[in-house]
1. If you wrap the chain's Cα atoms in a convex hull and average its projection over all directions, what's the area in nm²?
2. Given a Förster distance of 45 Å, report the FRET efficiency between Lys362 and Arg32 from their Cβ-Cβ distance, rounded to the nearest 0.05.
3. Describe numerically, in nm with one decimal, the distance between label points set 7 Å from Cα along Cα→Cβ at Leu393 and at Ser61.
4. Contour minus end-to-end for His385 and Asn219, with contour as 0.36 nm per residue of separation and end-to-end as the Cα-Cα distance?
5. For Ser250, Ser359, which order do you get if you count the other beta carbons within 10 Å of each Cβ and list the fewest first?
6. When the chain is fully extended, how far beyond the present Cα-Cα distance does Lys283 get from Lys433, taking 0.36 nm per residue of separation?
7. For the stretch 1-81, what is Rg from Cα atoms divided by 2.2 N^0.38 Å, rounded to two decimals?
8. Could you check the simple spin-label distance between Asn19 and Thr78, using points 7 Å along Cα→Cβ, in nm with one decimal?
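Coordinate-derived values only; no laboratory data. Bear in mind that the values here come from a model prediction, so they are computed numbers and not experimental data. We place every Cβ from the backbone using ideal geometry, glycine too, and count neighbours over all the protein chains shown.
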Amino acid sequence: MAQLWGGRFTKETDKLVYNFNASISFDQKFYRQDIEGSMAHVRMLAKQEILTEEEENQILSGLEGILRDIENGTLRITDEYEDIHSFVEANLIARIGDAGKKLHTGRSRNDQVALDMKLYIRHEVVEINALLKELLENILAIMEDNTATYMPGFTHLQKAQPITLAHHMGAYFEMFKRDRQRLDDIYDRMNYCPLGSGALAGTTYPLDRAYTAQLLDFNGPTLNSMDSVADRDYVIELLSALSTIMMHLSRFSEEIIIWNSNEYHFVEIDDAYATGSSIMPQKKNPDIAELVRGKTGRVYGALMSILTTMKGIPLAYNKDMQEDKELTFDAIDTVKGCVALFTGMLKTLKFNKDVMKTSAMKGFTNATDAADYLVNHGVPFRDAHGIIGRLVLYCIEKDKAIDALSLDELKAISPVFEQDIYEAVSLETCVNKRMTIGAPGPDAMKEVIRIHKEYLSLS
Ligand code: ARG
């Protein structure tokens, strides 16, 4: 048990208390950010002549050595230290002696941990954003190939109107694009440096907080030292954005699971992304999609957890806030894993285009267009709706699609039908006539694809 704060105490900490309080088992995850933050702090202290140049150089090379040795495996982070901050400081002092004892001048672990968490989250936000970009590129590739791949669009999981696979995929493109924008917003909003806020009330040293912020690529220093050490909004915003990403992935997964079912058979999951059953030899299960759907719960759980932890904490720092880490790290790792695996599964997914087309033809997805045909020939819409309803009933009885009926059969239901009805209710026509931006018509789709390409090339 090695602690930074033994001076005021006359007794050893109880071992159980030590373990309960310690965070090294999880905050070692941001050792790199902790060291980078310390380096910037030391540079600023030297610039302000609070440290000498010699002390600065000694500390910097000590910190570089610690970073190098952690990364090459020669320095192991052990639970002999309470947290990563103590670990780094103790090692620094062991390596360079007295100069190391000056590292913590004008700093508290409260502003230090706030900085580390921000640096870590900022880094992960960029990584998740890049993973989402890769997912979007794959969605866009499917869109480009499938502007004429017909399938039923659903409402209430009932076949509704014909769409294309490009159009269906396009819906997910929009969702993941907004997810990326949310991450960008979070990055911008959180990108202010808390270092120099001290424990809660700033420090008496003449720090140059703007300089530290600049060294660490922040937009500037935070403007209230109490808020700086007590703020975890950015963690909550991140977990909220991650929850939304998981919600989108989960819906997409659910669709793939449905499409992969024996009844739908719209898609075939690649062998590399499917699993078998230990007892039923015929099975090929969509476990990856199911796991992505299932893991959504843990990410939502992290959001609920931190919201609840933060709700009753008086200003400024309280130890409750140490609880922000494990769940956030887990949520970040979960989302990264899910996005990457989902992208791989999507990339290798085979679409049974004939099955999709037949399904669209068989499900009366052209019934609205048949009603529109009557309206275009002078029948009031409400009457047309009734006529097509009777027509659908007749088709169900005969087990036929609308366009599989003879003109005589059609005329028996309404004399308004003429030969051109077949063309009017073909899947191609139904889709092609929906040409306003956002609709599945091929011209509208091509314009959207062009916009998406431009977006991906710029972001
Ligand atoms: N491990 C602590 C945390 O994660 C670091 C800050 C400790 N500060 C303190 N005043 N005990 O929040």
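1. With the hull built on Cα positions only, its mean projection is 29.9 nm².
2. Once rounded, the FRET efficiency stands at 0.20.
3. Label-label distance for Leu393 and Ser61, simple model: 9.3 nm.
4. 53.8 nm
5. Ser359, Ser250
6. Extra length from Lys283 to Lys433 when fully extended: 49.9 nm.
7. Ratio of Rg to 2.2 N^0.38 Å for the stretch 1-81: 1.33.
8. 1.7
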